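Shown next, in structure tokens, is the structure this report addresses.
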Amino acid sequence: METKAAIDENTIYNIIKETGGSGITLQQLSSNLGLPSKQISLILRKLIEKKKIAKRAIKENGKSVIKYFALEDYDSQVIYIKLDEVINTPCFTCKNLFKCGNGSYISPQSCYKLSEWIFKSINSA
Ligand code: SF4
């Protein structure tokens, strides 16, 4: 069973999706749904966090207007990436792999092997 918040999120997402490339403003959503804009703002923020919609400033009749647009459904997208270069990353054969991490003494930010590999990859591209 869906919660009230989930139903509201889906309803708002579907309305935004139906607008396609035109997008919709907060005020339009508020008036269409008969809900206070503050309540809709909270739901919009959750949808943005879930990367289901995007908030963009666009020019309409010379004025800047904030509108919401539906993003592609990432769950249904297939993304192909070439792993030829990635497979040669020094991390795959590094003895420090399990000690290495952001904020650790050994980290990708301070690793000369990784930096060297990145620079070689850039230069050979
Ligand atoms: S970033 Fe450097 S130290 Fe960390 S796993 Fe990769 S090669 Fe090893």
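Bear in mind these aren't lab numbers, they're just calculated from the coordinates by the rules spelled out. Because the structure is a prediction, the values reported are computed rather than measured. Backbone-built Cβ (ideal geometry, glycine too); neighbour counts: all protein chains shown.
Annotations for the structure displayed:
- Distant-in-sequence amide H partners of residue 53 (H built 1.01 Å from N, under 5 Å): 48, 71
- Anchor residue 113: lysines whose Cα lies under 16 Å away (excluding residues fewer than 8 positions away in-chain): 95, 99
- In the chain, the calculated helix contribution to ellipticity at 222 nm averages -12000 deg cm²/dmol per residue, counting -39,500 (n - 2.57) for every DSSP H run with n ≥ 4.
- Cα centre as origin, Lys/Arg/Asp/Glu Cβ charges: the chain dipole, Debye: 440 debye
- Leading residue at positive end of dipole, the chain (Cβ point charges), from 124, 25, 110: 110
- Scaled radius of gyration (Cα, divided by 2.2 N^0.38 Å) that the chain gives: 1.62
- Within the straight-line cut-off of under 27 Å between alpha carbons, the lysines reachable from residue 67 are 4, 17, 38, 46, 50, 51, 52, 55, 59, sequence neighbours fewer than 8 places apart in one chain being disregarded.
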